[in-house]
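The values are calculated or read from the model by the stated rules, or taken from the named source; none is laboratory data. Keep in mind that this is a model prediction, so the values were computed, not measured. Note that each Cβ is placed from the backbone with ideal geometry, even for glycine, and that neighbours are counted across all protein chains shown.
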Amino acid sequence: MANDLILYNSLSRRKEIFKPIQEENIRLYVCGPTVYDRAHIGNARPVIVFDLLYRLLRNIYGKENVNYVRNFTDVDDKINEKAREKKVKINEITEETIKWFHEDMDQLEALRPTSEPRATNYISQMITMIVELISKSYAYPTEDGHVFFSVEKFDDYGRLSNKDLDELVTGSRIENEESKKNPLDFVLWKPSNSEEPGWDSPWGFGRPGWHIECSAMSRDLLGENFDIHGGGIDLIFPHHENEIAQSVCASKGENFANFWLHNGYLMLEGEKMSKSLNNFITVKELIENDFSGQAIRYVMLSTHYRQPINWTYKRLREAEKILEKWSSIKTLDDRSNDIPQPVFRALLDDLNSPLAISEIHKMFNSGNLIDGNASCTFFGFNLNGTKKKNSVGPQIAGKINHLLEKRKEARIKKDFATADKIRESLLLAGVEIKDNEDKTSWKIKDNFIKEKLENL
């Protein structure tokens, strides 16, 4: 019992001992990004959380025995809209965005999953699954080329979200077509026009709905029943609820995923982060503003994965200082590659990363550098990492960001004289700023003078 892995199962709403279906084949599926834009820190949180779980499972069961799948949604209306906006082909958007995603997540020291399937490579499997659902009367086609899943046919619908049918309302990605039999019925297939991506199907030229993508990919790569399905808490309804319904109904009586894990929301300076509100920060912006990927990772893991995070620049600067301190006193002795027991025990209790990090603090503070270093290696805190050229450190970065906030406030008030003065002062100090459509970025030039900035 002492060495059992305990995980909180969103389906049962309690902690349970993790018992794999097969110890030599641990199967984990996590919903990946819709690839139409740069990854923001909200996208980064599930990557970091489930990377930690992936590392822990590999440690317990062996690297070769853990199969981790994280998909790319590369067919979606948001992608179509972005392609129209930029007047480029859809695959140009998706290819570029996937490249960006890998670059950004590599900065966060996240291990690459075993498989990263793209939805567009699994269209035939999706069509097969939809045909099965229709043949079992769980889904129905319409005259206009849609296919819908009938939620009333699945008795357990709402179990994951803990709601009954009367409580549920259509979610943000559920198309409310007049041809539905029930407003909650969700789309499995929809028609495409000549300007949209599409594939031939028994219901005409069209494309899959969002939910069927993950069900088809997970079934093909992990089987009808696998160990763990993860993602952000915002995916519980409708996405994961719908995944369960269609996957269970299409299967031969299997349970789909045995465990469901969900990370909490991310707040930005006390407000819920949202692209629609233009209230978000990309990983790229933070890296370009001289924050390290390890510090971003530290902030994410210093809060328990099920709890909301209030993301602040103050916390990020504090993380930089901690990691710089650990790096300055770390040992070069790498004799121990095992996770020290205090850290290991903390992680066994539902990935209690804040407790584990507190144990790392104790190790460094007591001079136990070998265990501290081994723990950091496991966590993905690269203490051997080097600073980028023209690195200014978290204090200077914070100063620059503070001045940019003042400039932003001045521009909102139409005090352009003050805004221009701040820009000119930064430029004289060797800080170049660039205003994009809705964001302002900065970079350090070769003529940077620290003293000039500090006096602003």
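For Pro342, the conditions (1) touching a residue at least 24 places away in the same chain (Cβ under 8 Å); (2) farther than 28 Å from Cys214 by Cβ; (3) of a type outside the set (Lys, Arg) all hold with the exception of (1).
Looking only at residues in region 110-127 that are farther than 18 Å from Cys214 by Cα and aliphatic (A, V, I, L, M), which one is surrounded by the fewest Cβ atoms within 10 Å (Cβ to Cβ)? Can you show your working first?
At the first step, the residues of region 110-127 found to be farther than 18 Å from Cys214 by Cα are 110-112.
Those left that are additionally aliphatic (A, V, I, L, M): 110-111.
On the way: Ala110: 22, Leu111: 16.
By that ranking, first place goes to Leu111.
Where strands (runs of 3 or more DSSP E) sit wholly within region 170-271, those with at least 1 residues that are among the charged types (D, E, K, R) occupy 186-191, 206-208, 226-232.
Do we have Phe50 as farther than 23 Å from Trp199 by Cα and under 18 Å from the mean Cα position of the chain (by Cα) here? Break it down stepwise before answering.
On the way: farther than 23 Å from Trp199 by Cα: yes; under 18 Å from the mean Cα position of the chain (by Cα): yes.
Yes, satisfied.
Is it the case that region 17-38 has a residue that's part of a helix (DSSP H, G or I), more than 20 Å from the chain's Cα centre (by Cα) and assigned by TED's automatic domain parsing to the domain that holds Lys163? No, because not a single residue in region 17-38 is part of a helix (DSSP H, G or I), more than 20 Å from the chain's Cα centre (by Cα) and assigned by TED's automatic domain parsing to the domain that holds Lys163.
Within region 224-255, track down each residue that is surrounded by fewer than 24 Cβ atoms within 10 Å (Cβ to Cβ) and among the small types (Gly, Ala, Ser). Once the filter is applied, which keeps residues that are surrounded by fewer than 24 Cβ atoms within 10 Å (Cβ to Cβ) and among the small types (Gly, Ala, Ser), region 224-255 yields Gly232, Ser251, Gly253. Please state which one of Ile98, Ile41, Ile93 is aliphatic (A, V, I, L, M), more than 30 Å from Gly198 (Cβ to Cβ), touching a residue at least 12 places away in the same chain (Cβ under 8 Å) and crowded, with 16+ Cβ neighbours inside 10 Å. Sole residue among the options that is aliphatic (A, V, I, L, M), more than 30 Å from Gly198 (Cβ to Cβ), touching a residue at least 12 places away in the same chain (Cβ under 8 Å) and crowded, with 16+ Cβ neighbours inside 10 Å: Ile41. Could you list, in sequence order, all residues of region 146-194 that are at pLDDT 90 or above, acidic (Asp, Glu) and loosely packed, with under 15 Cβ neighbours inside 10 Å? Across region 146-194, the qualifying residues are Glu152, Asp155, Asp156.
Restricting to region 216-253, count the residues that are within 19 Å of Glu152 (Cα to Cα) and out of contact with any Cys (no Cβ under 6 Å at 6 or more places or on another chain). Outline the logic, then answer.
Taking region 216-253 first, the residues within 19 Å of Glu152 (Cα to Cα) are 236-251, 253.
Subset that is out of contact with any Cys (no Cβ under 6 Å at 6 or more places or on another chain): 236-242, 244-251, 253.
Residues meeting the conditions: 16.
Residues in region 100-127 that are more than 30 Å from Cys376 (Cβ to Cβ) and part of a loop (DSSP other than H, G, I, E, B): Pro117 alone.
If the condition is being touching a helix residue (DSSP H, G or I) at 6+ places or on another chain (Cβ under 7 Å) and closer than 18 Å to Arg84 by Cβ, then region 195-209 contributes Glu196, Pro197.
Scanning region 322-343 for residues that are closer than 28 Å to Phe291 by Cα and either out of contact with any helix residue (DSSP H, G or I) (no Cβ under 6 Å at 6 or more places or on another chain) or modelled with pLDDT under 90 (or both) returns Ile322, Glu324, Lys325, Ser327, Ser328, Ile329, Lys330, Thr331, Leu332, Asp333, Asp334, Asn337. Of all residues in region 128-141, those that are surrounded by 17 or more Cβ atoms within 10 Å (Cβ to Cβ) and either within 27 Å of the chain's Cα centre (by Cα) or in a loop (DSSP other than H, G, I, E, B) (or both) total 2. Within region 67-85, restricting attention to residues that are free of Cβ contacts under 8 Å to residues at least 60 places away in the same chain and not basic (Lys, Arg), the residue that is farthest from Pro46 (Cα to Cα) is Glu85. The residues of region 82-99 that are in a helix (DSSP H, G or I) and basic (Lys, Arg), listed by number, are Lys82, Arg84, Lys86, Lys99.
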